[in-house]
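The values are calculated or read from the model by the stated rules, or taken from the named source; none is laboratory data. Treat the numbers as computed from the prediction; the structure is a model and nothing was measured. Cβ atoms come from the backbone with ideal geometry, glycine included; neighbour counts cover every protein chain shown. SASA here: full protein model, heavy atoms, side chains in, ligands and nucleic acids out. Shrake-Rupley method; radii C 1.70, N 1.55, O 1.52, S 1.80 Å.
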Amino acid sequence: MDEITEIVNTHTFLSAPAASLDRIEITYGKNCVVLSPKDKQKFVKQLCDISANHIRVNI
């Protein structure tokens, strides 16, 4: 299983449709996913809390 290594802000519109362009990009292994969580800060904190590895965060 690939672990999350980085979470950064992004305003890309190239991902799936969302109500907001204020999104985060999550990198894991050689892959990434773009999300637009309702409460970005809380979502990122929860990811960091459950991760066994250090996650670089730049939001």
Report summary line: Among PRO37, THR5, CYS48, the residue whose Cα sits farthest towards the positive end of the charge dipole of the chain, when +1 is placed on the Cβ of each Lys and Arg and -1 on the Cβ of each Asp and Glu, is PRO37
Report task. Enter the accessible area per residue of the chain (Å², integer; probe 1.4 Å; all protein chains in place). Result -> 75 Å²
Query raised in the report: Of [x] 66; [y] 30; [z] 46, which one was derived for percent of Cα pairs over 18 Å apart from the structure shown?
Result: [y]
Report summary line: Helix 40-50 sits off the longest principal axis of the Cα atoms of the chain, rounded to the nearest 10 on a 0 to 90 degree scale, by 20 degrees
Query raised in the report: Just how much of LEU14 is accessible, in Å², when a 1.4 Å probe is used and the result is rounded to the nearest 10?
Result: 140 Å²
Query raised in the report: Summing -39500 (n - 2.57) over the DSSP H runs of n ≥ 4 in the chain and dividing by its residue number, what mean residue ellipticity at 222 nm do you reach, to the nearest 500 deg cm²/dmol?
Result: -5500 deg cm²/dmol
Query raised in the report: What's the carbon and sulfur percent of the chain's accessible surface, probe 1.4 angstrom, rounded to a whole number?
Result: 55 percent
